[in-house]
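Shown next, in structure tokens, is the structure this report addresses.
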Amino acid sequence: MNEKIENEFFKPSELKAITSYLIVNFLLGSVVLIFIASIITLFNKDYSFIQLFELAAISVEDIGNVSSDQQYMYYNLNTYTNLICYLLGFIVVCLFMRNHLLDDFSKLKKRPIYFGVFMLIGAILFYIISILVSYGIDQLVGVSNNQSLIEGMILNGGAVAIFFAVVVFAPMVEELIYRKAIFNLLEKKHISI
């Protein structure tokens, strides 16, 4: 009986995927930050846990008011918190969306050249459009806080971690959540998009 309950919990479900995505992004982020701050204090005696936690609470606009060492630590806290949260989100969402992933891979196997060309053209178009939109926003509004944070994380040694978090895990998770899970739930409710 207990095995049936465990199997039922891990059964693929769009609603479970959405719920786990929200839990990882909104609730678990603070736990991950606490974990990373704890790990850093074990190896870096220059900072206490409280100092790191206070440092993490500084806004991007105010980060210029602290020392370069504190800026480095601030960006590293944010880099590895983002990476671990996106990795956990990716794992959990893939667990609950595995039937959709398997279906997509079977379609990919049937027409690999078609999907490969489609993905390549889509990636190039997306890259060009994102550059144009980013340039337009910069001209109208200036650099956003999110952009400043990402640039700071890259410039302070987190380029590889941010690449995986922002370029690999985040788009895959968001594609599964928004295109697969939410759209499928809306279709089941007969709500057209």
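The values are calculated or read from the model by the stated rules, or taken from the named source; none is laboratory data. Remember, it's a predicted structure, so these values are computed and weren't measured experimentally. Using ideal geometry, Cβ is built from the backbone for each residue, glycine included, and neighbour counts are taken over all protein chains shown.
Checking ASN146 against (1) surrounded by fewer than 10 Cβ atoms within 10 Å (Cβ to Cβ); (2) farther than 23 Å from ALA165 by Cβ; (3) not β-branched (Val, Ile, Thr), only one condition comes out false. Which one?
(2)
Return yes or no: is LEU108 within 29 Å of LEU95 (Cβ to Cβ) and not charged (D, E, K, R)? Lay out the reasoning, then the answer.
Numbers: within 29 Å of LEU95 (Cβ to Cβ): yes; not charged (D, E, K, R): yes.
The answer is yes for LEU108.
Name the pairs: first residue in segment 113-130 and part of a helix (DSSP H, G or I) and among the small types (Gly, Ala, Ser), second residue at pLDDT below 80 and surrounded by 10 or more Cβ atoms within 10 Å (Cβ to Cβ), Cβ to Cβ under 9 Å, at least 6 apart or on different chains?
GLY116/LEU108
Restricting to segment 35-67, count the residues that are part of a loop (DSSP other than H, G, I, E, B) and not polar (S, T, N, Q). Steps first, answer last, please.
From segment 35-67, those part of a loop (DSSP other than H, G, I, E, B) are 44-48, 57-59, 66-67; that's our starting set.
Pick out the ones that are also not polar (S, T, N, Q) and you get 45-47, 57-58, 66.
The number of residues fulfilling the criteria is 6.
Yes/no matrix, rows are residues, columns are (1) hydrophobic (A, V, I, L, M, F, W, C); (2) under 21 Å from the mean Cα position of the chain (by Cα):
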position: PHE96; (1), (2): yes, yes
position: VAL117; (1), (2): yes, no
position: ALA123; (1), (2): yes, yes
position: TYR127; (1), (2): no, yes
position: TYR135; (1), (2): no, no
position: GLN139; (1), (2): no, no
position: GLY152; (1), (2): no, yes
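May I ask you to verify whether ASN156 is over 24 Å from VAL93 (Cα atoms) and in contact (Cβ under 8 Å) with a residue 12 or more places away in the chain?
Criteria met by ASN156.
So which of ILE23, ILE34, ILE40, ILE58 is crowded, with 17+ Cβ neighbours inside 10 Å and either of a type in the set (Val, Ile, Thr) or out of contact with any helix residue (DSSP H, G or I) (no Cβ under 7 Å at 6 or more places or on another chain) (or both)? Let's see the steps before the verdict.
Details: ILE23 fails: crowded, with 17+ Cβ neighbours inside 10 Å; ILE34 fails: crowded, with 17+ Cβ neighbours inside 10 Å; ILE58 fails: crowded, with 17+ Cβ neighbours inside 10 Å.
From the options ILE23, ILE34, ILE40, ILE58, the qualifying one is ILE40.
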